[in-house]
Structure formats: structure tokens, C-alpha cells
Amino acid sequence: MILSAYYRHKNLEIINEIIKHWSPSEKKMLRFIVTLPEQVFLNIFSEDARGSIVNVVPVLPDHCPDLYRVCDFAFIPTLLECFTAAYPEAMKMGKPIITTDLDFARTICDRAALYYQPGDPIDALHRIRQLLQNETLQEELIINGTSRLDHFLTARQRASRYLEICEKMLEV
């Protein structure tokens, strides 16, 4: 599942390439779930790929837990983030994460994610297969994600820290 608005840096187009490499049995079994406006969905995904993607259109925040519950894992192919709620949301909902092997992702997820080389759909597919075939790995990532949540600040704490930084800059 990819719970995200559309921005180029979210790299959702990689799904087209991943699906091209699915085996016939994977095409029958696997589905990506996305939350995009219908026109965006039609613009970024090929006609062939759309058969393996369920678009539930944008959802309100209070419906997000229901989406997480029906998914096996969170796939987050982003190429650039300073922080995304998708990582801690997946951790909170007890979902393993597959994401890009980039410094920001490793800083946020640490040992709570499987990483693939950015822009490499074959490596992403390998990680998807690895996760789906290994229940022990799934459990390990979920446990690591749950413990990782203790390292994040609340929204109020983050705002307070930002204000502290601004105040220090004004002192200079």
C-alpha cells in the first residue's frame, strides 16, 4: 500500500516497472493500493499496470487505519523527504516497510524497513518477494518499527524545537 498524495519525488511511477516484472501468479495475487485522485491515477500508471493497482482515491485521515489493516506492508518508494508521516504510520499500524535505500529513510526507519536501491524496480520486486516469503522477517520489521516509534517527537515537541531554533537564529 502507498498512502500518499502525488508528488514527483514520491516516485510512484516505479510501480509501472515493478508490475512489468511480476510473474503470472504474482499478477493474480498481488495488488498495490494507492490513494490518488482518479485523473492522477490515470496519468501516471500505464493501462497494463492499472489492472494490478487498486485506487481508493484520497481518503480522510480517520479512514487511513482501515487501509493499513487490509494491507500486508507499506511500500514507500520516495526519493526525497525531510520527514514523512508514512513511516511512523506504518510502524504504528504494525506493517512492515519496504522503502528506498537513502539516508533520510534509514535515519527514520533504522532496522524497521527493508531497503531497495532507488530507481531499481527489480531490486524493489526482490524485496517485495523477500518480505512476502519470510514471516520471521515480517515479524522482525514490525517489532523494530514498534520500538522505533519511541524515538519520534510529537507534533507539539517538533514545533517547540523549531521555535527554539528560530529564537536562537534571532539572537545571532
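The numbers here are math on the coordinates, done by the rules we state, and not lab data. Given the structure is predicted, the values throughout are model-derived calculations rather than measurements. Counting neighbours? That spans all protein chains shown, and the Cβs are built from the backbone with ideal geometry, glycine included.
Numerical summary
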quantity: In degrees, nearest ten, helix 155-171 long axis to first principal axis of the chain (Cα); calculated: 50 degrees
quantity: Ascending count of other beta-carbon atoms within 10 Å, so fewest first, for I44, I2, I97; calculated: I44, I2, I97
quantity: Charge dipole (debye, nearest 20) of region 8-171; +1 at Cβ of Lys and Arg, -1 at Cβ of Asp and Glu; calculated: 160 debye
quantity: Alpha-carbon gyration tensor eigenvalues x 5, square-rooted, for region 2-123, Å; calculated: 21, 17, 15
quantity: Table column - 3J(HN,Hα) (Hz), region 129-134, Karplus curve with 6.51, -1.76, 1.60, x for Gly and Pro; calculated: 4, 4, 5, 5, 8, 9
quantity: Percent of beta bridges antiparallel (DSSP, the chain, rounded to nearest 5); calculated: 0 percent
quantity: Cβ-Cβ FRET estimate between M29 and V70, R0 fixed at 22 Å, reported to 0.05; calculated: 0.90
quantity: Rounded tilt (10° steps) of 135-148 against the dominant C-alpha axis of the chain; calculated: 20 degrees
quantity: For N55, distant residues with modelled amide H under 5 Å away; calculated: V34
quantity: Most to least packed among 141-148, 5-12 [average Cβ atoms within 10 Å]; calculated: 141-148, 5-12
quantity: Phi-based couplings in Hz for region 95-110 (Karplus 6.51, -1.76, 1.60; Gly and Pro marked x); calculated: 10, x, 10, 10, 8, 6, 7, 10, 3, 4, 5, 5, 4, 6, 8, 6
